[in-house]
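Remarks on the structure that follows.
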Amino acid sequence: GFICEHPCEARCRRNMIDDPINIRGLKRYAVDHAGVVPNPPCAPATGKRVAIVGGGPGGLSAAYYLQLMGHQSVVYEKRKRLGGMLRYGIPNYRFPKKRLDEDIRAILSAGAIDVKLNCKIGKDITMEKISGEFDAVYVAIGAQTGKKLRIDGSDAEGVFSAVDVLSRIGEGQIPDYSGKKVVVIGGGNVAMDCARTAIRANAETVSIVYRRRQEDMTALPAEVEGAVAEGIELVTLKAPLRVEADAEGNACALWVQPQIIGPVRGGRPSPRKANKPEERMECDIVLVAIGQDIVSQPFADFGLATNWGRIVANEGGAANMVGVYAGGDCVSGPSTVIKAIAAGKAAAANIDEYLGCHHPISCDVAIPEPMLNDKVPCGRVNLQEVEAWARRTNFEAIELPMSCEEAEQEASRCLRCDHYGCATLRGGREFEW
């Protein structure tokens with residue numbers, strides 16, 4: 001309800017009339033007003049034990065559903081707190097950590113889910129030991145390390161991985177960029193999060209350097225617009241060349257090469273070097289947000305098949321070793337939270353089948369009959385945000401929820417695809433996504 005990229009809205013049939021339903025906004029309204037919702041009762045204990053490697057959204061989702069099915073789940077997490085990139089990658093202003101803690105408490109209350117914190121695979125425990133003690137294993141380690149910038153000067157003092165910076169902020173270590181000129185390299189959501197975080201850390205100026213155009217950025221348009229509103233400058237069609245360091249080894253400038261946009265390749269226009277001179281951008285801090293890597297070597301050493309660092313698994317999550325499943329970013333590469341949750345849910349269902357069971361997964365919600373009133377064109381309710389001048393000085397939540405009136409109006413726009421036919425079948429089971 002807070003951070004989903006809502007791909008479902010692109011397929012919403014309300015587009016045939018006006019605009020898609022604000023599905024994420026309605027889910028946000030639901031979680032804001034539902035209060036404490038009791039978990040469904042767990043099925044009788046099966047005596048089976050499943051290890052979950054990774055306490056992020058995918059791993060916790062798998063643990064939740066497996067526990068409801070009666071299987072004992074044990075979560076191994078290398079950090080001191082659960083949440084994965086929800087805690088260590090998404091800033092508090094987008095997803096308040098108190099709301100994350102509410103979700104985690106709800107998941108753990110589903111049953112006797114055991115949690116092993118500060119437990120790193122390959123150091124504190126081996127995959128061989130885990131595999132030998134459990135009936136099945138689900139690997140959901142995510143992609144939690146930043147890609148390195150392969151240009152001269154990238155090892156200068158003041159050059160940091162955006163993923164590492166956000167991770168430290170998740171642990172409560174907020175940097176002080178007072179009086180600093182910050183440059184962020186990248187054009188995805190992580191780059192926007194880093195730039196908007198730098199503004200809140202009192203940076204004097206913040207610029208985002210991207211080698212393509214603004215419209216080619218992979219970040220959500222709303223994130224880009226939010227960054228610009230907070231005073232962040234977008235420096236587009238500029239490719240990083242090298243980091244200049246002063247006599248003490250501190251970064252003092254980023255040199256860039258102007259680009260010209262070219263033919264479409266891989267779905268986006270490709271940039272190429274323009275016939276223009278290099279440009280120098282003064283800066284004190286360089287934050288690198290050009291992608292994320294997966295630490296899969298301990299799992300490859302165990303025998304899991306990998307491809308370019310990603311763990312190889314099929315659609316249902318099954319890896320090349322019997323009883324071992326994997327899903328989320330460590331399989332697909334860096335993706336969205338909702339896809340990691342979906343992978344965890346699908347893997348739980350398939351692990352259940354592997355263990356010789358067939359527990360149903362259903363929403364168990366009484367859905368009202370659709371009203372047959374005409375669906376006339378009506379404006380979409382969009383969520384509002386705290387004004388830019390007020391929000392850029394702190395890490396408090398920036399998005400304002402719907403009112404009851406707005407939620408009722410937005411819900412009334414629904415064409416009720418659930419009633420008129422849009423069921424999804426996965427592996428012979430009907431899922432309520």
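Consider residue 224 against the criteria (1) among the β-branched types (Val, Ile, Thr); (2) touching a residue at least 12 places away in the same chain (Cβ under 8 Å); (3) open to solvent by 50 Å² or more (accessible area, probe 1.4 Å): it satisfies all of them except one. Which criterion is unmet?
(3)
Filter region 419-433 down to residues that are loosely packed, with under 15 Cβ neighbours inside 10 Å and either of a type in the set (Lys, Arg) or within 27 Å of the chain's Cα centre (by Cα) (or both) and give me whichever is modelled with the lowest pLDDT.
433
When both residues are 6+ apart or on different chains and their Cβ atoms are under 7 Å apart, which pairs have a first residue that lies in region 257-279 and is farther than 29 Å from residue 244 by Cβ, and a second that is at pLDDT 95 or above and among the β-branched types (Val, Ile, Thr)?
Listed pairs, sorted by first residue: 269/261.
Exactly one condition in (1) within 18 Å of residue 81 (Cα to Cα); (2) part of a strand (DSSP E or B) is false for residue 106; which is it?
(2)
Applying the selection to region 321-335, what residues are farther than 19 Å from residue 130 by Cα, open to solvent by 20 Å² or more (accessible area, probe 1.4 Å) and either in contact with a helix residue (DSSP H, G or I) (Cβ under 8 Å, 6 or more places away or on another chain) or at pLDDT 95 or above (or both)?
Within region 321-335, 329, 331, 332, 335 meet the criteria.
For region 44-64, does any single residue satisfy the condition of being open to solvent by 60 Å² or more (accessible area, probe 1.4 Å), of a type in the set (A, V, I, L, M, F, W, C) and either part of a helix (DSSP H, G or I) or in contact (Cβ under 8 Å) with a residue 24 or more places away in the chain (or both)?
Yes: region 44-64 contains one or more residues that are open to solvent by 60 Å² or more (accessible area, probe 1.4 Å), of a type in the set (A, V, I, L, M, F, W, C) and either part of a helix (DSSP H, G or I) or in contact (Cβ under 8 Å) with a residue 24 or more places away in the chain (or both).
Please count how many residues of region 151-205 are charged (D, E, K, R), closer than 25 Å to residue 228 by Cβ and over 20 Å from the mean Cα position of the chain (by Cα).
So the answer is 5.
Please enumerate the residues belonging to region 281-296 that are of a type outside the set (Val, Ile, Thr), within 18 Å of the chain's Cα centre (by Cα) and not in a strand (DSSP E or B).
Result: 289, 291.
Can you work out which of the residues in region 65-102 that are free of Cβ contacts under 8 Å to residues at least 24 places away in the same chain and not basic (Lys, Arg) is most open to solvent (accessible area, probe 1.4 Å)?
Ranking the qualifying residues of region 65-102, first place goes to 102.
Considering only residues that are over 20 Å from residue 243 (Cβ atoms) and out of contact with any Ser or Thr (no Cβ under 7 Å at 6 or more places or on another chain), which ones fall in region 175-196?
176, 178, 189, 192, 193, 196
Hey, does region 67-85 have a residue that's in a helix (DSSP H, G or I) and closer than 19 Å to residue 326 by Cβ?
Looking for residues that are in a helix (DSSP H, G or I) and closer than 19 Å to residue 326 by Cβ, one finds at least one in region 67-85, hence yes.
How many of the residues in region 356-377 are of a type outside the set (S, T, N, Q) and within 30 Å of residue 69 (Cβ to Cβ)?
12
Hey, can you tell me all the residues within region 296-305 that are of a type in the set (S, T, N, Q) and surrounded by fewer than 18 Cβ atoms within 10 Å (Cβ to Cβ)?
297
Would you check which residues across region 320-362 are in contact with an Asp or Glu (Cβ under 9 Å, 6 or more places away or on another chain), in a loop (DSSP other than H, G, I, E, B) and small (Gly, Ala, Ser) and list them?
Once the filter is applied, which keeps residues that are in contact with an Asp or Glu (Cβ under 9 Å, 6 or more places away or on another chain), in a loop (DSSP other than H, G, I, E, B) and small (Gly, Ala, Ser), region 320-362 yields 323, 335, 362.
For residues that are hydrophobic (A, V, I, L, M, F, W, C) and touching a strand residue (DSSP E or B) at 6+ places or on another chain (Cβ under 7 Å), scanning just region 368-406, find the one that is nearest to residue 92 (Cα to Cα).
For region 368-406, the residue satisfying everything is 398.
Any idea how many residues of region 312-341 are over 19 Å from residue 90 (Cα atoms) and under 18 Å from the mean Cα position of the chain (by Cα)?
So the answer is 4.
Output the residues belonging to region 363-405 that are over 24 Å from the mean Cα position of the chain (by Cα), surrounded by 11 or more Cβ atoms within 10 Å (Cβ to Cβ) and either not β-branched (Val, Ile, Thr) or not in a loop (DSSP other than H, G, I, E, B) (or both).
370, 375, 378, 380, 390, 403
Can you tell me which residues in region 7-35 are in contact (Cβ under 8 Å) with a residue 60 or more places away in the chain, open to solvent by 40 Å² or more (accessible area, probe 1.4 Å) and not in a helix (DSSP H, G or I)?
Of everything in region 7-35, those that are in contact (Cβ under 8 Å) with a residue 60 or more places away in the chain, open to solvent by 40 Å² or more (accessible area, probe 1.4 Å) and not in a helix (DSSP H, G or I) turn out to be 17, 19.
Determine whether residue 211 is open to solvent by 30 Å² or more (accessible area, probe 1.4 Å), at pLDDT 95 or above and basic (Lys, Arg).
Yes; evaluated as a whole, the condition is true for this residue.
Which one of 153, 142 is open to solvent by 10 Å² or more (accessible area, probe 1.4 Å), closer than 25 Å to residue 278 by Cα and in contact (Cβ under 8 Å) with a residue 60 or more places away in the chain?
Exactly one of 153, 142 is open to solvent by 10 Å² or more (accessible area, probe 1.4 Å), closer than 25 Å to residue 278 by Cα and in contact (Cβ under 8 Å) with a residue 60 or more places away in the chain, namely 153.
The values are calculated or read from the model by the stated rules, or taken from the named source; none is laboratory data. Here the structure is a predicted model, which is why all the values come from computation and not from measurement. Heads up, the Cβs are rebuilt from the backbone with ideal geometry, glycines too, and the neighbour counts pull from every protein chain shown. Please note that ligands, DNA and RNA were not included when accessible areas were found on the heavy atoms of the full protein model with its side chains. Shrake-Rupley method; radii C 1.70, N 1.55, O 1.52, S 1.80 Å.
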